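*Asks:* First the structure, which I've put down as structure tokens, then a few questions once you've had a look.
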Amino acid sequence: LSCVEYECPMAKRVLIVDDDPAQRRILEEMIKRQGFETKTTNSGEQAIQILEGPDHGSISLVLLDLVMPGIDGMAVLDRLSQKPGIPPIIVQTAHGSIDAAINAMRAGAADFVIKPASPERLEVSIKTALKIEALSGEAGRALPPQTATRVHQPGGDQRRQAIVAVLPQERDEL
């Protein structure tokens, strides 16, 4: 990933949220090797504090474990889904089921991966989520204000449809 490709003035920062310390370290190293900065936390409560706090703008993407004690990944998605300015969230779990994936995507997740995810799978997921987020920003600037607001709301299908409608040249990349 390069800053030229994503027009970033600084390295993108990924917030890793997982209650398993070994999994957090593995993900942190994997993501750093892909050229990202990382920030880690072990709970949904801390993730919400970070994403609702003053440093939320420094987070470009969230990698969120679905199953955690206390506030789990679905509760985090539900809490943040209607807030503006929330970065794309990729949900991960070792307890993968079709229902869990569908529920997470409906709640606003950009993608759903099964642990342990390969570095290549995570890289594709991260690149895609950041590309869609960048395109939704472009679409939001190109659309009338009432339509632009809808583009920035969570929900991949609506966001993707708005982007494809406004930026047809990007259609094949989505």
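We did not get these values from a lab; they are worked out from the coordinates using the rules stated. Here the structure is a predicted model, which means the values were calculated and not measured. Neighbour counts are summed over all protein chains in view; Cβ atoms, including those assigned to glycine, are modelled from backbone coordinates with ideal geometry.
*Asks:* May I ask you to derive the FRET efficiency for Ser97 and Asp55 from their Cβ-Cβ distance with R0 = 35 Å, giving the value to the nearest 0.05? Display every interim value, and only then the final one.
*Replies:* Values: r = 33 Å, r/R0 = 0.96.
Between Ser97 and Asp55 the formula returns 0.55.
*Asks:* How much length is gained if the chain between Asp20 and Glu37 is pulled fully straight, taking 0.36 nm per residue apart and subtracting their Cα-Cα distance, in nm to one decimal?
*Replies:* Details: separation 17, 0.36 × 17 = 6.12 nm, distance 1.97 nm.
4.2 nm is the gain from fully extending Asp20 to Glu37.
*Asks:* Same structure again: Residue by residue through the stretch 41-53, what is 3J(HN,Hα) from phi via Karplus (6.51 cos²θ - 1.76 cosθ + 1.60, θ = phi - 60°)? Round to whole Hz and write x for glycine and proline.
*Replies:* The phi angles translate into 8, 10, 8, x, 4, 5, 4, 5, 4, 5, 6, 9, x Hz.
*Asks:* Calculate the spin-label point distance for Glu120 paired with Ser81, positioning each point 7 Å from the Cα along the beta-carbon direction, and give it in nanometres.
*Replies:* 3.3 nm
*Asks:* Please compute the net charge surrounding Asp55, taking Lys and Arg as +1 and Asp and Glu as -1 over other residues with Cβ under 11 Å from its Cβ. Provide the component values of the computation, followed by the final result.
*Replies:* On the way: positive: Arg13, Lys39; negative: Glu52.
The answer is +1.
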